[in-house]
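> Take a look at the following structure, please.
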Amino acid sequence: MDMETTLAPKMTAANVNVFYGDKRAIEDVSIDVSREHVTAFIGPSGCGKSTFLRTLNRMNDTIANARVEGLIELDGEDIYGPAMEVEQLRARVGMVFQKPNPFPKSIYENVAYGPRIHGFAAGKVELDAMVERALVRAGLWEEVKDRLSESGTALSGGQQQRLCIARAIAVDPEVILMDEPCSALDPIATAKIEELIHELRGRYAIVIVTHNMQQAARVSQRTAFFHLGVLVEYGETTEIFTNPRQKRTEDYITGRYG
Amino acid sequence: MSDALRIDPTDWRTDTMRRRIRARYAAERRFRLAGLAAILISVGFLAFLLITMFVNGIGGLDWTFLTGSDATDPDRVGIWGAFKGSLLTMLVTIALAFPIGVLSAVYLEEYAPRNRWTDVIEVSINNLAAVPSIIFGLLGLAVFLNTMHLPRSAPLVGGLTLALMTMPVIVIAGRNAIKSVPPSIRDAALGVGASRIQVVFHHVLPLALPGILTGTIIGMARALGETAPLLMIGMRAFIASPPQGFTDPATALPVQIFLWSDEVSRGFVEKTSAAIIVLLAFMLVMNGLAIYLRNRFETRW
Ligand SMILES: Nc1ncnc2c1ncn2[C@@H]1O[C@H](COP(=O)(O)OP(=O)(O)O)[C@@H](O)[C@H]1O
Ligand SMILES: [Mg+2]
């Protein structure tokens, strides 16, 4: 891709194939994930966006019949290589899911869980500070600071999703993957998440899957268009939306199929 | 304009409509009556059992009875010996069946690959839960007494035998409880870098615990009432003093009831009923505990 990048990409994927049993869901995808931009994956439902996203933090490992081929690197390290510990990888490459999935525990415990299992905090004071910082960065602190001991599942959908973002942020990831994070939210909650993505940009490399093209245009600087498991086109978001090089991309963004 | 396209509002007051509504109401009433009758039948039997046992047995429930052991004279018999035998037996059963059952359930649900072998194991466990208890008694006799030469009539052997019987029940209840934990919770924990063991112990098991406990207690209550397998391994001897340990000869509540009900002396009729009251009270406490634990630990989403 001939786009001007000042820094080396955060993640690179080269000739990635993903199979579910015998069925190939991702076909020979190569892509760089920029460290200072938001990258959006768009494409019709079932084209493999989630599947590809989940290869980036090896969540596909949990699916019994899924198989990944090809090379995926995080800062030049092969994430499927023997030297990579998958638990550490998932802390470094955090994930926010389509449906908000807070633990049925308190708001505090939700955010503190990651730092706890990785032994980040030396004591209660330090852990408190980490929880607060994560909640502040996720734009949720003001709303929940007086009720940290209430259940995370009692929050509204949008708040739950920001809690999940806080939970991911709390382990200080380098990359945050979001799989249609707003598809279960109302427009106001969606706007808040989009605003949050703007604020988080630069601090974390962000990849967001969305089937909402306006959203991709609003939040991302890079857009990758997938179709039937193939990466059709990848480039600057403005280019993709105003001047696509591929016929299929143009058909999709002008709403001719989807 | 065809009939299907008419736009005038439906007339809900025609005779046909009214007849439909009346028929619907009648069906509702019939269903409610049938349901009520079904409940009354089971409640009636339970009430009959409780009342007869209570009337017959309450006179036999005195201090001597509650603290004594078996005797030849019906006036001097007591239930404590059999109660303690049951208690020791249950302790062995739960100490064995609970951890092994839960570990098997976790392994099968969270770790085992889905293949022919796990299918075979699954079918075997389901079948094991349906095997008549007398067969487990024979198994206990063959394995624990004849092969391993453990002491006859001991709560240890009784507990081991009942554990074999209870384990599949716990495995099945455990698997169902684990299965009902939403996958999104596992994803959430894995997503922040939890290992599989951490996912299981921090999230899945705590959420599955109410279901596991309920299943366990139901299995234990069943084991508590089991008589046949204990007869097979010799827990039917005449024992005049309560067991002091897991290897002492002992009997158990249901076996004691069975033995007394066989006595010719009329004084034993009252004692049999009194023993049934004690056994039922023990079971009620266990079931109450199951309900309490379920309500206490249940997660509401
Ligand atoms: N666990 C799975 N097992 C088998 N096939 C799957 C599984 N998950 C997804 N697929 C298939 O892979 C393809 C891509 O799915 P997905 O990545 O979820 O698409 P998207 O997120 O773009 O909607 C679809 O055809 C889907 O049916
Ligand atoms: Mg998807």
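The values are calculated or read from the model by the stated rules, or taken from the named source; none is laboratory data. Keep in mind that this is a model prediction, so the values were computed, not measured. Methodologically, a virtual Cβ is constructed for each residue, glycine included, from the backbone with ideal geometry; neighbour enumeration extends over all protein chains shown. We work out accessible area using only protein heavy atoms, side chains counted, and drop any ligands, DNA or RNA first. Shrake-Rupley method; radii C 1.70, N 1.55, O 1.52, S 1.80 Å.
> What do you reckon, is A:L135 hydrophobic (A, V, I, L, M, F, W, C) and within 11 Å of A:R167 (Cα to Cα)? Break it down stepwise before answering.
Working: hydrophobic (A, V, I, L, M, F, W, C): yes; within 11 Å of A:R167 (Cα to Cα): yes.
Here the answer is yes, as A:L135 does meet what is asked.
> Select from the stretch A:19-65 the residues that are of a type in the set (G, A, S), more than 7 Å from ligand 1 (Cβ to nearest atom) and surrounded by 14 or more Cβ atoms within 10 Å (Cβ to Cβ) and list them in ascending order.
Within the stretch A:19-65, A:S30, A:S34, A:A40 meet the criteria.
> Restricting attention to the stretch B:158-185, and to residues there that are hydrophobic (A, V, I, L, M, F, W, C) and within 11 Å of chain A (Cβ to nearest Cβ), which single residue is farthest from B:L141 (Cα to Cα)? Reasoning before the result, please.
Within the stretch B:158-185, the subset hydrophobic (A, V, I, L, M, F, W, C) is B:160, B:162-165, B:167, B:169-173, B:177-178, B:181, B:185.
Okay, now just the ones that are also within 11 Å of chain A (Cβ to nearest Cβ), so B:181, B:185.
Working: B:V181: 39, B:I185: 45 Å.
Among residues in the stretch B:158-185 that are hydrophobic (A, V, I, L, M, F, W, C) and within 11 Å of chain A (Cβ to nearest Cβ), the one farthest from B:L141 (Cα to Cα) is B:I185.
> Could you check the stretch B:186-199 and list, in sequence order, the residues that are under 21 Å from B:S104 (Cα atoms) and within 10 Å of chain A (Cβ to nearest Cβ)?
Of the stretch B:186-199, the ones under 21 Å from B:S104 (Cα atoms) are B:186, B:195-199.
Of everything in the stretch B:186-199, those that are under 21 Å from B:S104 (Cα atoms) and within 10 Å of chain A (Cβ to nearest Cβ) turn out to be B:R186, B:S195, B:R196, B:Q198, B:V199.
> Across the stretch B:107-137, what is the number of residues that are farther than 20 Å from B:G85 by Cα and part of a helix (DSSP H, G or I)? Even if it seems obvious, please write down each step before you answer.
The initial filter retains those residues of the stretch B:107-137 that are farther than 20 Å from B:G85 by Cα, namely B:107-132, B:135.
With part of a helix (DSSP H, G or I) added as a condition, the list becomes B:107-111, B:116-130, B:135.
Residues that pass the stated criteria total 21.
> Right, next: Given the criterion closer than 29 Å to A:N60 by Cα and open to solvent by less than 30 Å² (accessible area, probe 1.4 Å), identify the matching residue among A:R162, A:R201. If you could, list the steps in order and put the result at the bottom.
Values: A:R201 fails: open to solvent by less than 30 Å² (accessible area, probe 1.4 Å).
The conditions single out A:R162.
> Filter the stretch B:208-219 down to the residues that are open to solvent by 10 Å² or more (accessible area, probe 1.4 Å), aliphatic (A, V, I, L, M) and touching a helix residue (DSSP H, G or I) at 6+ places or on another chain (Cβ under 6 Å) and list them by number.
The answer is B:L209, B:L213, B:I217.
> Return a yes/no flag: does the stretch A:66-78 have any residue that is within 16 Å of ligand 1 (Cβ to nearest atom) and either free of Cβ contacts under 8 Å to residues at least 24 places away in the same chain or open to solvent by 70 Å² or more (accessible area, probe 1.4 Å) (or both).
Yes: one or more hits.
> Having 2 or more residues that are among the hydrophobic types (A, V, I, L, M, F, W, C) and facing chain B (nearest Cβ under 9 Å) is the bar; report the helices (runs of 4 or more DSSP H) wholly within the stretch A:84-172 that clear it. Can you show your working first?
Numbers: elements: A:86-92, A:107-117, A:124-137, A:141-144, A:157-169.
Ranges flagged: A:86-92, A:157-169.
> Limited to the stretch A:168-191, what total is found for residues that are away from ligand 1 (no atom under 16 Å from the Cβ) and among the polar types (S, T, N, Q)?
Going through the stretch A:168-191, the residues away from ligand 1 (no atom under 16 Å from the Cβ) turn out to be A:168-176, A:185-191.
In the following step, the residues that additionally are among the polar types (S, T, N, Q) were identified as A:190.
Number of matching residues: 1.
> Kindly provide the set of residues from the stretch B:138-161 that are touching a residue at least 40 places away in the same chain (Cβ under 8 Å) and assigned to a helix (DSSP H, G or I), ordered by number.
B:L138, B:G140, B:L141, B:F144, B:L145, B:P155, B:L156, B:V157, B:G158, B:G159, B:L160, B:T161, listed by residue number.
> Before we move on, is B:D11 open to solvent by less than 100 Å² (accessible area, probe 1.4 Å) and either assigned to a loop (DSSP other than H, G, I, E, B) or touching a residue at least 60 places away in the same chain (Cβ under 8 Å) (or both)?
On the way: open to solvent by less than 100 Å² (accessible area, probe 1.4 Å): yes; either assigned to a loop (DSSP other than H, G, I, E, B) or touching a residue at least 60 places away in the same chain (Cβ under 8 Å) (or both): yes.
It is true that B:D11 is open to solvent by less than 100 Å² (accessible area, probe 1.4 Å) and either assigned to a loop (DSSP other than H, G, I, E, B) or touching a residue at least 60 places away in the same chain (Cβ under 8 Å) (or both).
> Within the group A:I79, A:I42, A:I26, A:I63, which residue is within 16 Å of ligand 2 (Cβ to nearest atom) and within 14 Å of chain B (Cβ to nearest Cβ)? Working first, answer last.
Working: A:I79 fails: within 16 Å of ligand 2 (Cβ to nearest atom); A:I42 fails: within 14 Å of chain B (Cβ to nearest Cβ); A:I26 fails: within 14 Å of chain B (Cβ to nearest Cβ).
None of the others qualify; the one that does is A:I63.
> Related question: Against the condition outside any strand (DSSP E or B), more than 16 Å from ligand 2 (Cβ to nearest atom) and touching a helix residue (DSSP H, G or I) at 6+ places or on another chain (Cβ under 8 Å), how does A:I197 come out, does it pass? Quick ask: steps written out before the conclusion?
Working: outside any strand (DSSP E or B): yes; more than 16 Å from ligand 2 (Cβ to nearest atom): yes; touching a helix residue (DSSP H, G or I) at 6+ places or on another chain (Cβ under 8 Å): yes.
Here the answer is yes, as A:I197 does meet what is asked.
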